[in-house]
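Chemist: The structure's right below; bear with me while I get my questions together.
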Amino acid sequence: MNAFQQKLAGEIIEAKKTQGGRSLRIWSAACSSGEEPYTLAMLYLEHLKPRYPGLNIEIIGTDISTTVVEMARTAEYSNYAIRSLPEVYVKKYF
């Protein structure tokens with residue numbers, strides 16, 4: 001995720017700005033129970049939104065299993081699932 005946050009997202013957003021775009025759509029395919037799209041949302045809120053306040057973002061998570069997609073909608077994760085998140089994110093978003 002650091003590569004996305006520090007390099008890729010900035011390059012994509014800057015390219016969109018030069019084309020007059022103000023929105024970014026991210027697709028997380030095979031997202032299982034949603035940890036990846038949820039992490040992308042946290043990165044956006046913490047790092048990208050302050051740098052690009054006019055940016056509209058849409059994060060779409062899909063999976064072949066409707067069961068895990070339903071789990072993702074609840075955004076309820078065990079302590080094990082969030083074990084490697086910085087404590088500041090855990091306190092703020094969980």
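The values are calculated or read from the model by the stated rules, or taken from the named source; none is laboratory data. Computed from a predicted model, the values in this text were never measured in an experiment. Virtual Cβ from ideal backbone geometry, glycine too; neighbours counted across all protein chains shown. Protein only, heavy atoms only, side chains kept; ligands, DNA and RNA dropped before computing areas. Shrake-Rupley method; radii C 1.70, N 1.55, O 1.52, S 1.80 Å.
Chemist: Residue by residue, what Karplus-based ³J(HN,Hα) values in Hz, rounded to whole numbers, does segment 86-92 have, using 6.51, -1.76 and 1.60 with θ = phi - 60° and x for Gly and Pro?
Modeler: Coupling constants for segment 86-92: x, 4, 4, 5, 4, 5, 7 Hz.
Chemist: Name the longest site-free stretch of the chain, where the excluded sites are trypsin sites (Lys or Arg not before Pro) in a DSSP loop with no more than 14 other beta-carbon atoms within 10 Å. Working shown, then result.
Modeler: Details: sites that count: R22, R83.
Between the exposed loop sites, the longest stretch runs 23-82.
Chemist: Would you mind checking segment 57-77 for residues with the amide N under 17 Å from a putative spin-label position 7 Å along Cα→C-beta of R25?
Modeler: Only 57-63 pass the distance filter.
Chemist: With point charges of +1 on the Cβ of Lys and Arg and -1 on the Cβ of Asp and Glu, referenced to the Cα centre of the chain, which listed residue (S84, A15, I57) lies farthest in the positive direction of the dipole?
Modeler: The residue sitting farthest along the positive end of the dipole is A15.
Chemist: Then there's this: Work out the FRET efficiency for E14 and T74 from their Cβ-Cβ distance, taking R0 = 35 Å, and round it to the nearest 0.05.
Modeler: Values: r = 35 Å, r/R0 = 1.00.
Using R0 = 35 Å, I get an efficiency of 0.50.
Chemist: Read through the labelled values (i) 49, 31, 19; (ii) 48, 33, 26; (iii) 40, 31, 20 and report the label of the one computed as Cα extents along the principal axes in Å from the structure.
Modeler: (iii)
Chemist: Hey, got the dipole for the chain? About the Cα centre, +1 on K and R Cβ, -1 on D and E Cβ, debye to the nearest 20?
Modeler: Working: 11 positive and 10 negative charges, 85 e Å.
Value, rounded to 20: 400 debye.
Chemist: Solvent-accessible area of Y77, probe 1.4 Å, all protein chains present, reported in Å² to the nearest ten, please.
Modeler: Surface accessible to solvent at Y77 totals approximately 40 Å².
Chemist: Report the number of Lys pairs in the chain whose alpha-carbons are under 28 Å apart, with separation of 8 or more residues or on distinct chains.
Modeler: So the count works out to 9.
Chemist: Per the helix-only calculation at 222 nm, which mean residue ellipticity applies to the chain, given -39500 (n - 2.57) for every DSSP H run of n ≥ 4 and division by its residues, nearest 500 deg cm²/dmol? Walk me through the numbers before you get to the answer.
Modeler: On the way: 4 runs with 35 residues, N = 94.
That comes out to -10500 deg cm²/dmol.
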